[in-house]
Amino acid sequence: MSSRLVVAAGVFVALVGSVAGGLGVVGALGDDRPDPSLTDHPSLRSTPASATHLIGVAVGHRALTSDRDYRALAAHDFDTITLENELKWSHVHVEPGVFDFDRADDMIEIADDEGWAVRGHTLVWHEQLPDWFDDARLGREQAIELLRTHITNVVSRYAGRITQWDVVNEPLADDGSGLRDTVWRRTIGDDYVALAFQFARDADPDAQLFLNDYDPTPDGAKYAALIELAAALRADGVPVDGVGFQHHLAGDLDLGVVADRVDEAARLGLDVAFTEVDDRLPDDAGPADLAQQARRLSGLASVCVASPACTTFVMWGLTDEHSWVPDAFPGYGHATLFDAEYRAKPAYDAVFAAFDPIEPDPALGARAAGVQGGGE
Ligand code: XIL
């Protein structure tokens with residue numbers, strides 16, 4: 001049965017122009033067995049850290065449904081997946097009030113088979129909106145109804161199955177000075193954030209709800225602002241459970257600052273998820289760059305493991321073949337734990353060590369000696 005679902009009742013959107021449906025292509029697994037040599041390394045999901053932390057990876061529908069090696073590698077090392085794109089508005093909300101859950105359903109079915117927890121990403125964002133959205137003429141009340149319809153349908157469909165949601169993604173201006181100027185803020189007002197969290201809570205009272213952002217500031221100012229916003233919302237009775245720090249690393253970063261931010265969030269009773277970890281290097285990166293990357297990523301993993309408030313560590317992309325980085329940042333790549341041939345990189349070994357306190361952890365030593373990590 002198709003999961004294409006019409007739920008237009010109560011949604012009115014003045015729409016100019018035509019609407020494209022865009023049903024997904026569902027790949028089929030071939031008969032070949034996965035290459036066993038690709039999973040001939042220890043498993044992140046069997047480390048001691050996995051008893052207390054979700055260890056996740058963002059995966060895409062096409063690779064997951066058509067590439068056995070990709071699926072086997074993800075299953076070997078991770079206990080949690082984030083759907084990289086398939087729950088975003090442009091993928092799921094194909095016409096006003098009309099939803100296409102086919103690809104997301106495929107992935108959740110695979111998650112069931114593999115025993116993966118699932119993070120939902122994302123309910124409100126100013127990017128990857130459907131084409132029809134640009135043509136919609138939304139007043140405040142219409143926009144609120146549209147938001148309510150979207151969140152209610154998407155969250156309730158996976159209630160009990162998706163246990164964490166990035167409810168609002170990237171709400172802050174880059175310097176952390178306040179809310180970013182987005183279509184949601186312009187049409188609804190600043191309370192779009194509170195409304196989104198309330199709609200999500202109503203649709204699944206048990207899901208953990210996160211405010212998610214990245215931080216390009218060298219001093220962690222934007223993550224501090226994210227924590228402040230989450231705390232202020234909670235003080236107003238808005239159901240925010242935690243903050244998501246994306247951590248798309250791209251240069252120097254003070255791991256001590258990251259640890260401070262985690263502690264601040266913890267003191268305020270907020271959970272922390274590292275939601276989109278990657279570390280981009282120039283295309284011509286050599287062994288020394290890969291060693292630095294290993295140190296940065298294991299440092300980040302160590303910060304998360306060290307705090308009970310940091311419950312979740314998610315890599316954004318399984319292998320360098322599947323990373324968003326080369327598209328988003330031409331000239332850069334090498335951003336994940338596995339290379340383009342799906343082989344574990346130095347960063348894999350270092351992150352494994354950070355997740356396994358039985359093994360000596362070079363990253364912890366480096367951190368204690370004041371070595372800086374990298375990125376935004
Ligand atoms: C990216 C995906 O990885 C790409 O495949 C897509 O083309 C664009 O979006 N911050 C986020 C993620 O919150 O949703 C983005 O994902 C990466 C940056």
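The values are calculated or read from the model by the stated rules, or taken from the named source; none is laboratory data. Predicted model, so just to flag it, every value in this text is computed and none were measured. Using ideal geometry, Cβ is built from the backbone for each residue, glycine included, and neighbour counts are taken over all protein chains shown.
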Fill in: Residue identified as farther than 15 Å from L123 by Cβ and within 16 Å of the ligand (Cβ to nearest atom) among D174, D191, D166
D174
Worksheet, complete the sentence: Taking segment 90-108 and the residues there that are hydrophobic (A, V, I, L, M, F, W, C) and under 15 Å from R157 (Cα atoms), the one that is farthest from the ligand (Cβ to nearest atom) would be V98
Item to complete: For D181, indicate whether it is surrounded by fewer than 20 Cβ atoms within 10 Å (Cβ to Cβ), at pLDDT below 95 and more than 25 Å from R157 (Cα to Cα).
Response: no
Worksheet entry | All positions within segment 39-53 that are surrounded by fewer than 19 Cβ atoms within 10 Å (Cβ to Cβ) and either in contact (Cβ under 8 Å) with a residue 60 or more places away in the chain or polar (S, T, N, Q) (or both) | T39, H41, P42, S43, S46, P48, T52
Worksheet entry | Unmet criterion (only one of (1) within 28 Å of H334 (Cβ to Cβ); (2) touching a residue at least 60 places away in the same chain (Cβ under 8 Å); (3) buried (at least 20 other Cβ atoms within 10 Å of the Cβ)) for L226 | (2)
Discussion item. Where the second residue is modelled with pLDDT under 95 and among the hydrophobic types (A, V, I, L, M, F, W, C) and the first is over 12 Å from T319 (Cβ atoms) and lies in segment 340-362, which pairs have Cβ atoms under 8 Å and are six or more apart or on separate chains?
Written reply: A350/A363; A353/A363; A354/A49; A354/A363; A354/L364; F355/A49; D356/A49; P357/A49
Item to complete: Filter segment 124-146 down to the residues that are modelled with pLDDT of 95 or more and touching a Leu at 6+ places or on another chain (Cβ under 8 Å), then identify the one that is surrounded by the fewest Cβ atoms within 10 Å (Cβ to Cβ).
Response: I144
Fill in: Residues being closer than 27 Å to R148 by Cβ, away from the ligand (no atom under 16 Å from the Cβ) and either touching a helix residue (DSSP H, G or I) at 6+ places or on another chain (Cβ under 8 Å) or among the hydroxyl-bearing types (S, T, Y) (or both) - total across segment 109-132
1
Worksheet item: Quick check: anything in segment 235-256 closer than 27 Å to A203 by Cβ, aromatic (F, W, Y) and within 16 Å of the ligand (Cβ to nearest atom)?
Response: yes
Worksheet item: Are there any pairs with C-beta distances below 8 angstrom linking a residue in segment 289-317 that is under 21 Å from D166 (Cα atoms) to a residue that is surrounded by fewer than 19 Cβ atoms within 10 Å (Cβ to Cβ) and of a type in the set (D, E, K, R), with the two at least 6 apart or on different chains, and if so which?
Response: S307/D263; A309/D263
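Yes or no, residue by residue, for (1) surrounded by 17 or more Cβ atoms within 10 Å (Cβ to Cβ); (2) in contact with a Gly (Cβ under 7 Å, 6 or more places away or on another chain); (3) under 21 Å from V314 (Cα atoms); (4) at pLDDT 95 or above:
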| position | (1), (2), (3), (4) |
| --- | --- |
| Y158 | yes, yes, yes, yes |
| D166 | yes, yes, yes, yes |
| G189 | no, no, no, yes |
| Y192 | yes, no, no, yes |
| Y214 | yes, no, yes, yes |
| A230 | yes, no, yes, yes |
